[in-house]
Amino acid sequence: MFFWRVSTFLENLKSFLPKTHAALEKLAEFIGTRNYERKLREIYGNSENISVDYAILEPATRAEGPSRVL
């Protein structure tokens with residue numbers, strides 16, 4: 001189980017999975033529209049298949065500077 005601030009998660013997502021971050025930013029434009037579900041399926045199907053602990057948590061704990069991930 002993971003707990004984090006959304007800002008911390010998004011910051012690390014942008015650093016370690018920039019293509020996924022950009023795709024989710026694009027998806028956010030469709031929230032509340034009738035095209036959201038279609039766009040979600042499209043983006044999800046093209047996203048990298050990697051678990052959040054390998055993709056974000058492990059690299060974030062090795063990053064230089066003060067740790068924001070424990």
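Readers should treat all values here as calculations from the given coordinates under stated rules, not as data from a laboratory. Being a predicted model, the structure only gives us computed values, none of them experimental. Counting neighbours? That spans all protein chains shown, and the Cβs are built from the backbone with ideal geometry, glycine included.
What to note about this one:
- From the coordinates shown, semi-axes √(5λ) of the Cα gyration tensor in Å corresponds to which of (1) 24, 13, 7; (2) 26, 12, 10; (3) 30, 15, 13: (2)
- Cβ crowding within 10 Å, taken as a proxy for footprinting-reagent exposure, orders R62, R38 from fewest neighbours to most as R62, R38.
- Principal-axis tilt of helix 18-28 within the chain, Cα atoms, nearest 10 degrees: 40 degrees
- Which of I43, I31 has the fewest Cβ neighbours within 10 Å, and the rest in rising order: I31, I43
- Which of T8, N46, G65, positive extreme of dipole for the chain (C-beta unit charges): N46
- Going from the fewest other Cβ atoms within 10 Å to the most, the residues T20, T8 appear in the order T8, T20.
- Rounded to 10°, Cα long-axis angle of helix 36-46 versus longest principal axis of the chain: 50 degrees
- Around the Cα centre of the range 6-62, unit charges on the Cβ atoms of Lys, Arg, Asp and Glu (plus for the first two, minus for the last two) sum to a dipole of about 220 debye.
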